[in-house]
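*Asks:* Here it is, the structure, as structure tokens.
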Amino acid sequence: MTTQELRLNVEKALEEIRPFLQSDGGDIALLSIENNEVKVQLQGACTSCSVNQMTLKSGVEMTIKKYAPQIERVINVA
């Protein structure tokens, strides 16, 4: 998979999860993809939510891995 294809797949994954985040007043932005690691930034209500790490791992990371299995982890950059 090329770098461009990987980025497109990660973006597709974020588009799938974004409506759920937005329904709670949050959002997510893709910052970078390096060495099979995706860096994102949770925004809005997600920044102060007490379960944002659970959302990041069980929602965002799982969805990204569905579209791009080679991704090893997703990190939130505050």
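The values are calculated or read from the model by the stated rules, or taken from the named source; none is laboratory data. Quick caveat, the model's predicted, so the values are computed rather than measured. All Cβ positions, even for glycine, are placed from backbone atoms using ideal geometry, and neighbour counts span all protein chains on display.
*Asks:* From (1) within 20 Å of residue 78 (Cα to Cα); (2) touching a residue at least 40 places away in the same chain (Cβ under 8 Å); (3) in contact with a Ser or Thr (Cβ under 8 Å, 6 or more places away or on another chain), pick out the condition that doesn't hold for residue 60.
*Replies:* All conditions are met except number (3).
*Asks:* What is the one condition in (1) surrounded by fewer than 19 Cβ atoms within 10 Å (Cβ to Cβ); (2) in contact (Cβ under 8 Å) with a residue 60 or more places away in the chain that residue 10 does not satisfy?
*Replies:* Every listed condition holds for residue 10 apart from (1).
*Asks:* Here is a further query. Kindly indicate whether any position in segment 54-61 is in a helix (DSSP H, G or I) and charged (D, E, K, R).
*Replies:* Taking segment 54-61 as the starting set, the residues that turn out to be in a helix (DSSP H, G or I) are 54-61.
Subset that is charged (D, E, K, R): 57, 61.
Yes, segment 54-61 contains a residue that is in a helix (DSSP H, G or I) and charged (D, E, K, R).
*Asks:* Out of all the residues in segment 62-69, is one or more outside any helix (DSSP H, G or I) and either touching a Gly at 6+ places or on another chain (Cβ under 7 Å) or more than 17 Å from residue 3 (Cβ to Cβ) (or both)?
*Replies:* No: segment 62-69 contains no residue that is outside any helix (DSSP H, G or I) and either touching a Gly at 6+ places or on another chain (Cβ under 7 Å) or more than 17 Å from residue 3 (Cβ to Cβ) (or both).
*Asks:* Only residues that are modelled with pLDDT under 95 and closer than 15 Å to residue 17 by Cβ: list them for segment 65-78, please.
*Replies:* Scanning segment 65-78 gives a single hit, 76.
*Asks:* From the set of residues in segment 46-78 that are small (Gly, Ala, Ser) and surrounded by 15 or more Cβ atoms within 10 Å (Cβ to Cβ), which is farthest from residue 10 (Cα to Cα)?
*Replies:* Applying the filter and picking the extreme gives 59.
*Asks:* Right, something else. Looking only at segment 46-64, which residues are modelled with pLDDT of 90 or more and among the hydrophobic types (A, V, I, L, M, F, W, C)?
*Replies:* Hits for segment 46-64 are 60, 62, 64.
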